[in-house]
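Below you'll find the structure, written out as structure tokens, and then a few comments.
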Amino acid sequence: MDARNTKYGLNQQALMDQMDFIAKALANQNFADGGIAIGTSSKTAVKLANTVTFTSEGIQKAKTTAEYAFTATTHDITANASSVQERVYVLCLDASGNGVFVAGDQATGAGNAKFPDAEDIYAAGTPVGAVRLAIAAGATDFDATTDELDEAHITDTYYDILGPILNRFASAWI
């Protein structure tokens with residue numbers, strides 16, 4: 001029964017792992033539009049503008065508006081002289097409502113950054129929103145602790161996330 005199925009590339013353990021992941025995704029969902037936007041008290045932060053109702057490990061929670069800062073160095077984007085550099089950051093809430101960003105890999109070219117891996121997202125908490133930051137070609141890096149998100153070398157796009165993120169469909173989100 002655990003023999004590899006060559007047509008579909010699945011075995012019993014892989015199927016069990018996928019079912020566990022689906023259960024985790026369904027137990028950690030956001031049910032309300034968070035109004036993800038640039039921070040108002042600090043333009044270096046991302047704002048959860050609306051109260052959200054979400055589940056954390058199947059327990060219903062609510063989080064009122066808050067602003068979340070990026071982490072120094074971890075979330076920086078290195079500029080490239082000849083091409084746009086970008087990353088997607090997913091804002092997750094843990095069981096206590098604390099926010100944390102999960103960053104995807106830095107990508108070259110506008111529109112090429114992908115969502116972080118869904119397992120990494122759910123390890124951090126429940127995804128409620130995302131921001132795509134594109135840094136213009138040139139010499140100016142994105143410094144996650146000091147750069148305001150509306151500076152001239154940054155193009156910022158905000159997304160609300162409702163429901164689960166599943167690996168197979170992650171690239172379709174953004």
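Across segment 56-66, a minimum of one residue is classified as at pLDDT 95 or above, within 20 Å of Leu166 (Cβ to Cβ) and either among the β-branched types (Val, Ile, Thr) or in contact with a strand residue (DSSP E or B) (Cβ under 6 Å, 6 or more places away or on another chain) (or both). Which residues, taken from segment 80-103, are buried (at least 18 other Cβ atoms within 10 Å of the Cβ) and either within 17 Å of Leu149 (Cβ to Cβ) or modelled with pLDDT under 95 (or both)? If the condition is that a residue be buried (at least 18 other Cβ atoms within 10 Å of the Cβ) and either within 17 Å of Leu149 (Cβ to Cβ) or modelled with pLDDT under 95 (or both), then Val84, Gln85, Glu86, Arg87, Val88, Tyr89, Val90, Leu91, Gly99, Phe101, Ala103 are the ones that fit. Checked against (1) β-branched (Val, Ile, Thr); (2) more than 18 Å from Lys43 (Cα to Cα); (3) part of a loop (DSSP other than H, G, I, E, B), Val102 passes all but condition (3). Tell me, yes or no, whether segment 10-32 has at least one residue that is modelled with pLDDT of 95 or more and among the aromatic types (Phe, Trp, Tyr). Yes, there is a match, as at least one residue in segment 10-32 is modelled with pLDDT of 95 or more and among the aromatic types (Phe, Trp, Tyr). Close contacts from segment 124-152, counting a first residue that is within 30 Å of Phe31 (Cα to Cα) and a second that is among the basic types (Lys, Arg) and surrounded by fewer than 20 Cβ atoms within 10 Å (Cβ to Cβ), with Cβ to Cβ under 7 Å and a gap of 6+ residues or different chains, come to Glu148/Lys43; Leu149/Lys43; Asp150/Lys43. Contact annotation: residue pairs with Cβ atoms under 6 Å, 6 or more positions apart or on different chains, pairing a residue in segment 44-72 that is in contact (Cβ under 8 Å) with a residue 40 or more places away in the chain and surrounded by 20 or more Cβ atoms within 10 Å (Cβ to Cβ) with a partner that is outside any strand (DSSP E or B) and of a type outside the set (Gly, Ala, Ser), are Leu48/Thr65.
Just for segment 114-132: of the residues that are surrounded by 24 or more Cβ atoms within 10 Å (Cβ to Cβ) and closer than 15 Å to Thr157 by Cα, which one is farthest from the chain's Cα centre (by Cα)? So, considering only residues that are surrounded by 24 or more Cβ atoms within 10 Å (Cβ to Cβ) and closer than 15 Å to Thr157 by Cα, the one farthest from the chain's Cα centre (by Cα) is Val128. Are any residues in segment 110-136 in a loop (DSSP other than H, G, I, E, B) and closer than 12 Å to Ile77 by Cβ, and if so, which ones? Scanning segment 110-136 gives Ala113, Ala136.
The values are calculated or read from the model by the stated rules, or taken from the named source; none is laboratory data. Given the structure is predicted, the values throughout are model-derived calculations rather than measurements. When we count neighbours, we look across all protein chains shown, and the Cβ atoms used for this are built from the backbone with ideal geometry, even at glycine.
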